Amino acid sequence: MDSLMTIWVFFIGGTIGVILGVMLSYRTAVNPLQQRIRRISSQPEHYRDIMKYYPYDPDNFRFIGSPVDGIQFEKDSILLVRFKTDNTPRTREQDHVKTLLENGNIEWFEFTSK
């Protein structure tokens with residue numbers, strides 16, 4: 001095999017290797033992240049019917065998901081919101097958050113990354 005053919009084979013093999021590497025990286029890193037983002041962003045749609053009767057401005061509501069469903073930002077207050085359907089009891093974690101809130105153990109924390 002002449003040297004030009006050898007270079008050509010290595011070039012094609014390297015190119016295919018890079019393409020397969022990028023595809024594998026995408027499948028292992030980006031796809032799970034996209035699925036997680038879709039799952040988180042689709043959750044509020046479950047509350048669309050509840051929000052029709054919601055007593056506050058839904059535009060000021062931010063969905064969290066756990067341990068509370070979200071946070072409602074009002075002009076003079078901030079509310080931790082749990083949407084209750086049927087007779088579902090609070091979880092231990094939700095009870096703990098409620099106790100912390102009632103005892104005034106809520107703080108402002110600001111983190112600056114480098």
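The values are calculated or read from the model by the stated rules, or taken from the named source; none is laboratory data. Treat the numbers as computed from the prediction; the structure is a model and nothing was measured. Counting neighbours? That spans all protein chains shown, and the Cβs are built from the backbone with ideal geometry, glycine included.
In region 22-41, which residue that is under 10 Å from the mean Cα position of the chain (by Cα) and of a type in the set (S, T, N, Q) is modelled with the lowest pLDDT? So the residue we want is Ser41.
Among the residues of region 92-114, those that are at negative phi and exposed (fewer than 10 other Cβ atoms within 10 Å of the Cβ) comprise Arg92, Glu102, Asn103, Asn105, Glu107, Trp108, Phe109, Glu110, Phe111, Thr112, Ser113, Lys114. Within region 43-73, the set of residues being under 14 Å from Lys84 (Cβ atoms), among the aromatic types (Phe, Trp, Tyr) and either at pLDDT 80 or above or not in a helix (DSSP H, G or I) (or both) comprises Tyr53, Tyr54. Among the residues of region 61-104, those identified as free of Cβ contacts under 8 Å to residues at least 24 places away in the same chain, among the polar types (S, T, N, Q) and over 21 Å from Asp49 (Cα atoms) are Ser77, Thr99, Asn103. In region 53-91, the qualifying residues are those that are small (Gly, Ala, Ser) and exposed (fewer than 14 other Cβ atoms within 10 Å of the Cβ), and the one that is nearest to Ile106 (Cα to Cα) is Ser77.
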